[in-house]
Amino acid sequence: MGLTLTEKILKNHLVDGDFVKGNEIGIKIDQTLTQDATGTMAYLEYEAMGVPRVKTERSVAYIDHNTLQSGFENADDHRFIGSVAKKHGIYFSRPGNGICHQVHLERFGVPGKTLIGSDSHTPTGGGIGMIAIGAGGLDVAVAMGGGAYYITYPKIVKVEFTGRLSPWVAAKDVILEVLKILTVKGGVGKVIEYCGEGVKTLSVPERATITNMGAELGATTSIFPSDETTLEFLKAQNRADVWKELKADDDAVYDEEIKINLSEIVPMAACPHSPDNIKTVDEIGPMKIDQVCIGSCTNSSFMDMMKVAYILKGKTVHPDVSLSIAPGSKQVLNMLAQNGALSVMIDAGARILESACGPCIGMGQSPNSKGVSLRTFNRNFEGRSGTKDGQIYLVSPELAAASSIAGVLTDPRTLGDMPEFKLPEKFVINDNMIVPPAPAEEMDSVEILRGPNIKPFPKTSPLDDTIDAICSLKVGDNITTDHIMPAGAKILPLRSNIPAISKHCFTVCDEEFPERALRLGKSIIVGGSNYGQGSSREHAALAPLYLGVKAVLVKSFARIHRANLINAGILPLTFVNESDYDKIGQGDKLILKNVRQDIISGKSELKLINESKNTEIPVLCELSGRTKDIVLAGGLLDYTREQLTKQD
Ligand code: MIC
Ligand code: SF4
């Protein structure tokens with residue numbers, strides 16, 4: 001029986017577990033990436049493990065999220081990350097060099113290699129045939145130390161493309177179509193593997209847009225084959241030497257199959273407030289807009305920017321619209337400057353932002369009250385833009401640019417003939433903003449620069465014998481990490497200070513939660529399905545840990561967040577019968593008797609007593625050998641320390 005591409009790469013990297021669907025498997029990680037908003041914690045954790053030099057083939061630390069320096073905090077974090085990188089063998093991409101996923105694709109990604117990154121959009125690397133997975137900072141720290149990364153052997157979905165995109169229809173429309181079919185829950189536990197004749201018609205940046213937003217499907221990752229097109233891209237990046245051909249066997253067997261005819265796709269938008277709330281432009285109609293933001297790791301490539309410049313040429317941004325553009329990397333920005341496209345954008349009235357995440361993570365450009373904002377980004381969760389009642393639509397760069405001129409949502413197909421946009425034969429290459437690490441023999445002399453905002457990892461303790469706690473919060477379905485641990489310009493600077501950032505935990509849902517949880521000392525959170533979707537931020541687990549949350553009981557979890565809870569030593573529980581969700585109210589006293597012993601003895605169905613309602617509720621605690629030991633130890637850091645002491 002033939003193998004899928006995913007299976008081939010996973011099999012090549014298997015270091016632990018049996019290659020059986022649904023099993024937990026450990027894979028060797030070749031490359032890691034971090035960004036600054038999750039990086040400080042990841043490097044504090046790495047330091048706590050005590051491994052002098054990273055053991056990966058390539059580890060890169062990017063500064064791209066917290067680039068708004070409205071106080072000392074972010075700048076201090078950048079210096080801390082820079083110094084840790086230098087000491088421990090990590091490449092450091094300086095602020096201004098671009099968004100981690102864009103730069104990694106350009107300069108470091110290698111087909112057939114494994115990459116984990118402390119950012120949920122790491123699957124962008126799937127655009128050149130990598131198995132690239134988003135993970136919590138602790139998992140990345142462990143991988144840098146040479147440890148395996150554990151995933152559930154995924155189901156593999158074949159998405160077969162036929163046909164080719166019509167003029168002015170974009171890769172963004174393709175992934176919006178996939179989101180329409182699968183929804184934000186449809187990818188959980190799965191890898192999305194793209195194949196078919198239609199793949200050949202898509203360039204690497206287009207493929208990367210599609211794998212990037214696989215994160216919004218909840219998928220473990222997404223991957224394209226590595227073919228001639230991949231080679232062209234790598235050649236243009238002067239990296240043809242890392243190319244190899246990779247594809248699934250003809251007789252590979254998949255768990256699910258979806259067929260999409262690219263020729264039938266039309267321009268679309270993800271409407272507020274979810275990436276799977278898809279409508280076609282026709283269905284929405286010529287809605288008046290207030291803002292357009294072009295950029296983010298989904299749509300900020302050179303090709304995207306050239307299309308935007310073409311549409312803006314000789315025009316003026318509509319008087320009622322604010323247009324901002326953030327090219328994805330220094331390479332992209334520099335090329336636009338050299339070929340004159342930047343001047344076209346400036347001339348049209350675009351507000352040019354630095355090459356960073358910017359508005360995508362609420363770092364500036366929040367829309368006006370009730371403002372309608374078209375964004376080429378990947379997430380439109382409520383409040384993420386910084387304006388609570390902002391109406392965010394996710395669209396392609398072509399649609400965004402055309403609408404910014406018209407002042408209303410505009411079908412880019414009305415622009416007339418589309419010229420052929422070609423990948424350049426040579427990108428402008430200058431890696432002077434990537435600082436290599438100090439040689440091993442000089443590492444001792446590198447001083448770590450620690451600012452006053454950098455506080456240690458919160459205190460953990462081994463799992464209690466019995467958990468006896470109040471339900472401090474009850475929330476509904478599809479809770480995102482932006483609800484649990486909001487970001488934005490005010491809160492992001494606190495990413496290395498868990499006591500301070502915890503004061504914002506869940507405040508989007510309930511202003512009083514942090515204070516209540518602290519007062520209770522220990523508590524349990526109850527939620528609905530797809531709890532924790534979105535970001536990889538482990539702060540969404542570390543803040544609850546700091547506030548005394550001992551367990552989270554929900555209908556279902558999003559993958560990375562569940563792993564982050566386990567890593568923080570918080571018990572992840574699910575209802576055996578989803579209807580039991582109604583049997584718990586906020587403030588109820590909940591007891592899990594002898595939970596430690598039950599978990600040690602391998603029991604997965606536990607009994608939760610709701611003392612306030614005098615009921616018993618069966619709950620599932622599905623932990624494997626390793627995750628069980630992590631929870632018992634009080635989290636991954638304690639577990640790893642235990643393991644390292646055993647080895648000594
Ligand atoms: C995001 O898009 O939400 C982020 C900010 O990039 C996060 C990481 C973070 O919270 O720092 C992600 O996607 O993992
Ligand atoms: Fe940055 Fe936005 Fe991409 Fe997250 S989704 S990495 S915030 S650009």
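What the table shows:
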read-out: Candidate aspartates and glutamates for bridging to K288, where Cα separation is under 15 Å - those fewer than 8 sequence places away on the same chain excluded; value: D320, D411
read-out: Most to least packed among 319-327, 1-9 [average Cβ atoms within 10 Å]; value: 319-327, 1-9
read-out: √(5λ) per eigenvalue of the Cα gyration tensor, the stretch 474-618, largest first, Å; value: 25, 16, 15
read-out: Sulfur and carbon atoms: percent of accessible area, the stretch 318-376 [1.4 Å]; value: 51 percent
read-out: From the C-alpha gyration tensor of the stretch 47-175, square roots of 5λ in Å; value: 30, 21, 12
read-out: Helix-only mean residue ellipticity at 222 nm for the chain, each DSSP H run of n ≥ 4 adding -39500 (n - 2.57), per residue, nearest 500; value: -8000 deg cm²/dmol
read-out: Paramagnetic reach from D241 in the stretch 95-109 [backbone N under 16 Å; point 7 Å along Cα→Cβ]; value: 107-109
read-out: Principal axis dimensions, largest first and in whole angstrom, of the stretch 301-407 by Cα; value: 39, 27, 19
read-out: Distance between modelled label sites at S604 and K11, nm, 7 Å Cα→Cβ extension; value: 2.6 nm
read-out: Stokes-Einstein D in µm²/s, Kirkwood radius over Cα pairs - the stretch 358-511 at 25 °C with 0.890 mPa s viscosity; value: 119 µm²/s
read-out: Nearest-0.05 FRET efficiency for A48 and A440, computed from C-beta distance (R0 22 Å); value: 0.60
read-out: Surrounding net charge for D16, when Lys and Arg each add one and Asp and Glu each subtract one, Cβ distance under 12 Å; value: 0
read-out: By average C-beta atoms within 10 angstrom, highest first, the peptides 429-437, 587-595, 62-70, 409-417; value: 62-70, 587-595, 409-417, 429-437
read-out: Of N368, V142, I599, farthest towards positive along the dipole that unit charges on Lys, Arg, Asp, Glu beta carbons give the chain; value: N368
read-out: Directionally averaged shadow of the stretch 126-184, computed from the convex hull of its alpha-carbon atoms, nm²; value: 6.2 nm²
read-out: Cross-link partners of K422 among lysines (Cα-Cα below 20 Å; sequence separation of 8 or more within a chain); value: K172, K200, K235, K307, K313, K330
read-out: Accessible-area order (highest first, 1.4 angstrom probe) of the listed residues S579, S301; value: S579, S301
read-out: Descending semi-axes in Å of the stretch 373-444, equivalent ellipsoid built from Cα gyration tensor; value: 38, 25, 8
read-out: Dipole magnitude of the chain about its Cα centre (Cβ charges: Lys, Arg +1; Asp, Glu -1), debye to nearest 20; value: 840 debye
read-out: Heavy-atom accessible area per residue - the chain, 1.4 Å, Å²; value: 36 Å²
read-out: Computed over the chain, Cα set: Rg, Dmax in Å; value: 23.6, 72
read-out: Solvent exposure ordering (accessible area, 1.4 Å, most first) of I600, I467, I258; value: I600, I258, I467
read-out: Bridge type composition, the chain - antiparallel percent by DSSP, nearest 5; value: 35 percent
read-out: Orientation-averaged projected area, Cα convex hull of the stretch 114-267 (nm²); value: 9.4 nm²
read-out: Quarter of Cα convex hull surface for the stretch 581-640, i.e. mean projection, nm²; value: 4.7 nm²
read-out: Accessible carbon and sulfur surface of the stretch 379-444 relative to its total accessible area, %, 1.4 Å; value: 50 percent
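The values are calculated or read from the model by the stated rules, or taken from the named source; none is laboratory data. Keep in mind that this is a model prediction, so the values were computed, not measured. Note that we place each Cβ from the backbone using ideal geometry, even for glycine, and neighbour counts take in every protein chain shown. For the accessible areas, the whole protein counts, side chains as well, though only heavy atoms, and no ligand, DNA or RNA atoms are used. Shrake-Rupley method; radii C 1.70, N 1.55, O 1.52, S 1.80 Å.
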